[in-house]
Amino acid sequence: MEFKTIPLADAELKFVPDSGAFTGYAAKFGGVDSYGDTIHPGAFTGVAATETEVKMYFNHGWVKREIPIGKMIVVQDDVGLRVKSAEFTAGIRMADEAALAVKHRTVNGLSIGYRVSEEKSKRKADGKGRDIFGIDFLKEVSVVDWPADGHALIDVKSSIEDAESLKEIESLLRDAAGFSRADATALVSRIKSLSHGEREQIKSSELTAA
């Protein structure tokens, strides 16, 4: 799973009077984000060509098994991923606090949680980022108070503490940190290899000492 953040100043948020609801943009086409990536027009055709309901979280809270703080209706237009309506779930403490923060603009922006395949993205000629032509899966939209490139580390740290096997770590690397399946598998295999080597060294040292 990957994340892209748009600053509130660029999200063009407009608030519904006397409520926490708002409209605006969760992503825009043509910009260059902190990863060097550019999302191109039409990239959301497969996931939001028509009005689509998505869950709303605070700081991608689904990674930490938090419940949604609301919902959005999004649709692709010529500018990007338009938020036609966003409603916070009244009575949920985090939702109420997030609504106040968004209205006061004390959070940094909106961030989408999504997946993109290698077939629908291309590494830029300078090697700094990708051109993204199609989003395969749009999981959610979050209101966020940290830059996009900091989220994976924060969420991974929290979730690692709950992981009970290397298989869960492998899944975490893919879903939360944006690793490809091959890279996640390779890293876990390397960890296993290093761990096995350290055990063998300990056994050898114990036999030598004896």
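Prolate is the label for region 12-118, because a/c, from the alpha-carbon gyration tensor with a ≥ b ≥ c as root eigenvalues, is 1.5 or above and a/b exceeds b/c. Here the spin labels are modelled as points 7 Å beyond Cα on the Cα-Cβ line, and at Leu166 and Ser195 they lie 0.6 nm apart.
Largest accessible area first, the listed residues Phe44, Phe88 line up as Phe88, Phe44 when surface is computed with a 1.4 Å probe on the assembled protein chains. Think of each Lys and Arg Cβ as +1 and each Asp and Glu Cβ as -1; about the Cα centre, that makes the dipole of region 85-129 roughly 300 debye. Only protein heavy atoms count here; under a 1.4 Å probe, Arg105 has an accessible surface of about 110 Å². Between the beta carbons of Lys14 and Glu97, assuming R0 = 25 Å, the FRET efficiency works out to 0.75 to the nearest 0.05.
Accessible surface area normalised per residue over region 47-89 is 48 Å², counting heavy atoms of protein chains with a 1.4 Å rolling probe.
A probe of 1.4 angstrom, applied to the heavy atoms of all protein chains, finds Phe3 with accessible area near 10 square angstrom. With 24 Å as the limit on Cα-Cα distance, the pairs of Lys139/Lys192; Lys28/Lys122; Lys64/Lys128; Lys4/Lys128; Lys84/Lys122 that go past it are Lys139/Lys192; Lys64/Lys128; Lys84/Lys122. Taking His40, His60, His104 and ordering them by how much accessible surface each has at a 1.4 Å probe, largest first, produces His104, His40, His60.
Shape analysis of region 9-56 places it in the oblate category; the axes a ≥ b ≥ c from the Cα gyration tensor give an a/c of at least 1.5, with a/b not above b/c.
If you sort Lys124, Lys84, Lys4 by accessible surface, 1.4 Å probe, largest first, the order is Lys84, Lys124, Lys4.
The values are calculated or read from the model by the stated rules, or taken from the named source; none is laboratory data. Just so you know, these numbers come straight off a predicted model, no measurement behind them. Every residue, glycine among them, receives a Cβ derived from its backbone with ideal geometry; neighbour counts consider all protein chains shown. To get the accessible areas, we keep the full protein, side chains included, count just its heavy atoms, and leave off ligands, DNA and RNA. Shrake-Rupley method; radii C 1.70, N 1.55, O 1.52, S 1.80 Å.
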